[in-house]
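Before any comments, here is the structure.
The values are calculated or read from the model by the stated rules, or taken from the named source; none is laboratory data. Note that the structure is predicted; figures quoted are calculated from it, not measured. In this analysis, Cβ positions are derived from the backbone assuming ideal geometry, glycine residues included, and neighbour counts consider all displayed protein chains.
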Ligand SMILES: [Zn+2]
Ligand SMILES: [Zn+2]
């Protein structure tokens, strides 16, 4: 997120003006009533339309700050979902003919997927650590994977109790404390 993202992205007032003019172009009377919000938790989706329990359009500030020219197409895309729901309820397909018609009417290509570069926005796959404690003698080891093949040097093949934590320094310390506690039986 660039520090100046607020300069790049439209203000609440500007968004409101866009919404009014897009609704005008579709001409529903009464128009649907909905909010438009930035959702900082969106990753690679440019936006989404929430239909229940309240109508809401959520936009991805990370992605749209990088591609300010895609703000309007994204807003129209999500608003078209809201409008299809407003007119027809839940029946139509998400990107079906009704939605496509609205997109064309607003001067947009009715393409369901955006082509924006999402490098660095994908959710990182979480890594874990696995503590294995021998049920027989309390000997333990911490591994990056679940080890089904593990054998205790003293007890041979047997049952291991497994605990998982996130692979951070704190996660490791937590497992080590747990292992020591089990070994000393405190
Ligand atoms: Zn969509
Ligand atoms: Zn053992």
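Just a few scattered comments:
- Selection status of residue 96, in the same structural domain as residue 19 (by TED's automatic domain parsing), over 20 Å from residue 34 (Cα atoms) and either surrounded by fewer than 11 Cβ atoms within 10 Å (Cβ to Cβ) or in contact with a helix residue (DSSP H, G or I) (Cβ under 9 Å, 6 or more places away or on another chain) (or both): yes
- Cβ-Cβ contacts under 9 Å between residues 6 or more apart (or on different chains), taken from a first residue in the range 135-159 that is under 24 Å from residue 169 (Cα atoms) and free of Cβ contacts under 8 Å to residues at least 12 places away in the same chain to a second residue that is in a loop (DSSP other than H, G, I, E, B) and away from ligand 1 (no atom under 16 Å from the Cβ), are listed as 141/147; 141/150.
- Failed item in (1) under 24 Å from residue 170 (Cβ atoms); (2) loosely packed, with under 10 Cβ neighbours inside 10 Å, with residue 113 passing the rest: (1)
- Looking across 121, 146, one residue alone is in a loop (DSSP other than H, G, I, E, B), surrounded by 10 or more Cβ atoms within 10 Å (Cβ to Cβ), away from ligand 2 (no atom under 16 Å from the Cβ) and at pLDDT below 90. It is 121.
- Test: residue in the range 89-100 that is under 26 Å from residue 11 (Cβ atoms), within 15 Å of ligand 1 (Cβ to nearest atom) and at pLDDT 95 or above: no
- Among the residues of the range 104-118, at least one is in a helix (DSSP H, G or I) and either touching a strand residue (DSSP E or B) at 6+ places or on another chain (Cβ under 8 Å) or away from ligand 2 (no atom under 16 Å from the Cβ) (or both).
- Within the range 34-62, the only residue that satisfies the criterion of being crowded, with 19+ Cβ neighbours inside 10 Å and over 21 Å from residue 17 (Cβ atoms) is 62.
- Total residues in the range 164-182, condition touching a strand residue (DSSP E or B) at 6+ places or on another chain (Cβ under 7 Å) and either at pLDDT 95 or above or away from ligand 2 (no atom under 16 Å from the Cβ) (or both): 9
- Taken together, the residues in the range 41-86 that are under 18 Å from residue 10 (Cα atoms), more than 12 Å from ligand 1 (Cβ to nearest atom), out of contact with any strand residue (DSSP E or B) (no Cβ under 9 Å at 6 or more places or on another chain) and assigned to a helix (DSSP H, G or I) amount to 7.
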